[in-house]
Every structure is written in structure tokens, then in C-alpha cells.
1. When only alpha-carbon atoms count, how far does the chain stretch along each of its three principal axes, as whole angstroms with the largest first?
2. Given points 7 Å out from each Cα along the Cα-Cβ axis, report the residue 260 to residue 117 separation in nanometres with one decimal.
3. Just need the relative contact order of the stretch 42-277 here, percent rounded to a whole number, with Cα pairs under 8 Å and 6+ apart.
4. So if R0 is 25 Å, what FRET efficiency would residue 67 and residue 212 give, r being the distance between their Cβ atoms, rounded to the nearest 0.05?
5. Determine, for each peptide in 352-360, 339-347, the mean count of other beta carbons within 10 angstrom over its residues, then list the peptides with the highest first.
6. Sort all Cα-Cα distances of the stretch 220-274 into consecutive 5 angstrom bins from zero, then give the percent of pairs in each bin up to the one containing the longest distance.
7. Listed highest first by mean packing, meaning other Cβ atoms within 10 Å per residue, what order do 241-250, 83-92 come in?
8. Kindly state, to the nearest 0.05, the FRET efficiency for residue 205 paired with residue 283, given R0 = 30 Å and r defined as their beta-carbon distance.
Amino acid sequence: MSSVLQYLTGRKKNKKPGILWITFITVLSYGQPTQETLSHKSYIAYHTTENITIDGIPSEEAWQKISPTGLFTDIEGHKTPKYSTSVKILWDKECIYFLAEMEEPHVWGNLKQKDTIIFYNNDFEIFIDPDNDTHNYYEFEINALNTLWDLFITKPYREGTPVLNDWDAKGFQSAIQIQGTLNNPDDTDKGWTLEIAIPLAVFKTSYFHDNNPANKFWRVNFSRVNWDFQLINNKYSRKKDSKGNFAAEYNWVWSPTGVIDMHRPEDWGYVYFSLKEAGLQDNFTIPEDEKVKQLLYELYRKQKKYFNKNKRWATSIQELLQSSRNIYDKNIAPTLENHQTGWNISAVSPYTQHTYIIKEDGKIIQKEK
């Protein structure tokens with residue numbers, strides 16, 4: 001879901017109070033996927049020593065040696081988009097590089113001022129949460145005119161955070177090649193290619209912060225907002241219905257979130273930054289501890305719903321888990337702690353014995369054993 005849309009807005013009991021032992025089993029789900037049954041995508045970004053020229057043309061050998069992501073799907077995860085989209089990712093000691101290739105028979109755009117609401121045009125969007133705590137993440141939106149909207153978001157919009165439009169991604173580079181003619185309704189285009197370089201320094205949170213992603217994963221997602229259009233005086237604009245309202249946009253993404261909302265970093269994909277050079281092969285498996293975090297986010301959402309219904313926070317795990325679904329294969333004992341300014345829910349991972357804590361604002365904290 002686009003930024004401004006958000007801006008405007010089974011069980012075995014343990015005798016110890018406040019603790020509920022949950023035995024999770026793996027379940028296969030058929031039919032339309034839900035938010036809980038959607039699997040998160042993963043991708044290996046390979047290292048390159050080749051100089052990448054940002055010109056919108058993937059002529060470098062490194063681009064040719066790597067595979068793209070799978071084709072994008074509808075954000076809810078159960079529709080096939082009208083037009084195909086895929087992305088490739090490379091990195092080196094200075095930058096992360098993205099190459100998006102988008103099928104589009106009518107390439108158009110009219111927003112030329114930086115930091116305007118770019119998704120009012122067809123656009124391509126990148127979301128990045130380097131430390132996987134769902135806070136302090138980055139968003140980049142670009143239209144076919146190569147107009148950028150870059151944002152730094154301290155918390156997901158569900159927590160009432162403001163839009164930080166004055167933040168700038170220093171050193172950001174992008175270039176576009178159009179397979180057709182921009183803003184020409186008299187022909188049929190093939191699409192557009194977007195090449196991007198984002199300096200790693202953009203993601204530094206302090207002077208001495210070591211944000212080298214080598215052999216680590218970051219939470220990442222990509223979105224493509226696409227609109228039905230109409231022609232007025234032979235110029236493109238978003239289509240309106242008979243009442244003068246804009247028709248709803250299409251939201252096509254790499255890793256579906258299950259709901260029309262991109263600002264759910266806990267549901268983004270995983271990009272692993274391999275030190276192996278493009279053309280070689282590496283392996284990456286999403287860590288088992290991510291299952292524990294997903295449980296905590298399920299409880300976080302239940303706690304929010306509980307408050308909306310009862311006008312108070314739940315004080316025991318039992319109040320939240322009456323309809324819990326079995327989705328894992330290990331015993332986990334989440335605990336709920338209320339305090340004056342909110343609450344914490346914690347769980348010890350059965351895989352690593354690390355403790356994970358989710359706060360009332362959705363931030364995840366990890367404590368190693």
C-alpha cells in the first residue's frame with residue numbers, strides 16, 4: 001500500500017500463570033492464501049567487482065550472470081498482475097544495485113518534482129529494513145520520468161509516525177530506459193527498465209555504525225503501483241469513474257503481505273548479501289528464529305485488536321491465543337508483561353535459545369542467550 005494511504009491513517013497449559021505452552025505443527029494450506037499462510041520470498045544478492053554504470057542498460061557482465069527474482073504478484077498474494085515485473089540485485093563495498101524490468105504497453109508520467117507523491121503515477125518502489133526490527137526503514141519511489149521520492153520512516157504508519165519527506169538519500173543514482181515512447185498514446189510500448197545504485201552509507205545510523213551487509217540478510221520488498229489511465233487532450237492521467245473518483249490502483253509486489261499494505265516490514269522478503277561473485281552459486285535459508293518473530297507479530301496484532309474491542313490491554317497470553325493456529329513444529333512459551341507505558345511479549349527460540357521481545361509499538365528486540 002502506498003505511503004500516503006497509510007499516513008492518513010491445540011494448546012497445552014503450563015501451571016505457571018501467564019505462560020502458555022504451544023505445540024506447533026506444520027500445516028499445508030490450500031486455496032486462497034491468507035496473511036498467515038503466505039511464505040516470504042528470499043533472494044541472494046551476489047557481490048561484484050565490476051564497475052556498474054547507472055544508465056538503465058544492463059550491459060555489464062555481472063547483470064548477465066545473475067537471475068532475477070520471481071515475477072511479482074498481487075500484494076494480497078492471489079492474483080496475477082496484468083504486466084510482468086522482476087528485479088535483480090548486486091552489491092559491492094560502496095553500493096547496492098537494483099535492476100527492475102517492467103512490462104508496460106503505455107509508459108507515462110507527469111510528476112517532475114522530487115519528494116512529491118510519486119505513486120500518483122505508475123511507479124517502482126523499494127523498501128529496506130536493514131536490522132529487521134520493523135523500525136527505522138527506508139522507502140524509495142521512482143516514476144518513468146526518473147523522479148524520486150525518498151523517505152526515512154521511524155515506525156510503520158500503523159503506529160502514527162509522521163512522513164519524513166526532508167530526508168535525502170545522498171548519492172542515490174537512477175536511470176531509466178524506455179522500450180517505446182514516453183507519454184505517447186499513439187504507439188504501444190514494451191515497458192521500461194530502471195537501474196539504481198544506493199550507497200551503503202545511506203543506511204548508516206551513526207558515524208561508527210558498521211552496516212556492511214556481507215553474509216547477512218536485510219528485509220526488503222519491492223512494489224509496483226500501476227493505474228488504469230484515461231486520455232484528456234491526448235495526455236495521460238489516472239482514470240476516474242462516473243462520480244469523478246480515481247479508480248483504485250493495482251499493487252504488484254515481490255513478496256506479498258496478504259493485505260493491501262506495504263508498510264509491514266515483518267512481511268517483507270529476505271535479501272542475503274553473498275560475498276561470492278556474480279556467476280558463482282551460494283545458498284541461503286531463512287533462519288528458523290524468524291518463525292518465532294512471526295508468532296510475536298501475530299500476538300502483537302491480537303493485542304491491538306483486543307485493545308480496540310475491550311479498551312484495555314490483555315494481561316495474559318491466554319486472552320490472546322484462544323484462536324491460535326498451529327503452524328510450527330516446536331514448543332514455544334510466550335510471556336506477556338504489562339507496564340505503565342504499554343507491554344512486552346517475549347519468547348525464547350527453541351532453535352537458538354535467543355530471547356525475542358516485541359514491544360507495544362511493534363519493535364522487535366533480540367537478546368542472545
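Each reported figure results from applying straightforward, stated rules to the coordinates on display, with no laboratory input. Please read these numbers as outputs of a predicted model, since none were measured by experiment. Glycine also receives a Cβ, built like all others from the backbone with ideal geometry; neighbour counts cover every protein chain displayed.
1. On the principal axes, the chain reaches 72, 55, 43 Å in Cα extent.
2. About 1.5 nm separates the two model spin labels.
3. 27 percent
4. 0.55
5. Averaged packing, sorted descending, gives the order 352-360, 339-347.
6. P(r) over the stretch 220-274, rounded to whole percents: 4, 17, 19, 15, 13, 12, 9, 6, 3, 1, 0.
7. Ranking the peptides 241-250, 83-92 by packing returns 83-92, 241-250.
8. My answer for the efficiency is 0.55.
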